[in-house]
Amino acid sequence: MNRLELIATSAVLLLASACAHDSSTSTTTVTAGPPSPSRSSDEPAMRLADEICGREAACNHIGAGERYRSEEACMAEQGALAPSQLARWGCVPTRTQAGFEECLAAVRSERCETPLPRVDVLVACRSTPVCEAKHP
């Protein structure tokens, strides 16, 4: 299963659990529509979650007895945490693409021995480097 499938599966599972209710009294229909502004603003958060979970998988931190029991569990947790992590920056990652990409690269290259409870433990993922990065 590729990362996009994991993201989609995690989103469906989260949506299903959030929308669970007694089906004997009503019916819920989910339809796809054009991308909304909130969906596009979630893209940086999902990219960050994907990068963190990729690192966790590469470091063998996913599986029985590890921090995450599966990649889906990692994406569900990190997908829920990422928006608040991005909100701490005080800028929009899509407008500061160079800084955001540097943060993602820092997550990818961080040693497995270093725990990442929040990405801003990495200097490249703090507000100033992300928000003030210049485009080449």
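The values are calculated or read from the model by the stated rules, or taken from the named source; none is laboratory data. These numbers come from a predicted model, not from an experiment. Cβ sites come from the backbone with ideal geometry, for glycine too, and all protein chains shown count toward neighbours.
The table for this structure:
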{"item": "Residue count, the stretch 79-136 (criterion: among the basic types (Lys, Arg) and closer than 15 Å to residue 53 by Cα)", "result": "3"}
{"item": "Complete set of residues in the stretch 53-89 that are touching a Gly at 6+ places or on another chain (Cβ under 9 Å) and aromatic (Phe, Trp, Tyr)", "result": "89"}
{"item": "Neighbours by Cβ (under 7 Å, 6+ apart or cross-chain): first from the stretch 84-106, under 13 Å from residue 132 (Cα atoms); second of a type in the set (Gly, Ala, Ser) and assigned to a helix (DSSP H, G or I)", "result": "89/127; 90/127; 102/124; 103/124"}
{"item": "Odd one out for residue 81, checked against (1) at pLDDT 90 or above; (2) more than 17 Å from the chain's Cα centre (by Cα)", "result": "(2)"}
{"item": "Residues located in the stretch 75-131, provided they are hydroxyl-bearing (Ser, Thr, Tyr), surrounded by fewer than 17 Cβ atoms within 10 Å (Cβ to Cβ) and in a loop (DSSP other than H, G, I, E, B)", "result": "94, 114"}
{"item": "Qualifying residue in the stretch 70-87 (condition: farther than 13 Å from residue 45 by Cβ, of a type outside the set (A, V, I, L, M, F, W, C) and in contact with a Cys (Cβ under 9 Å, 6 or more places away or on another chain))", "result": "yes"}
{"item": "Residue in the stretch 54-62 that is among the small types (Gly, Ala, Ser) and under 13 Å from the mean Cα position of the chain (by Cα) present", "result": "yes"}
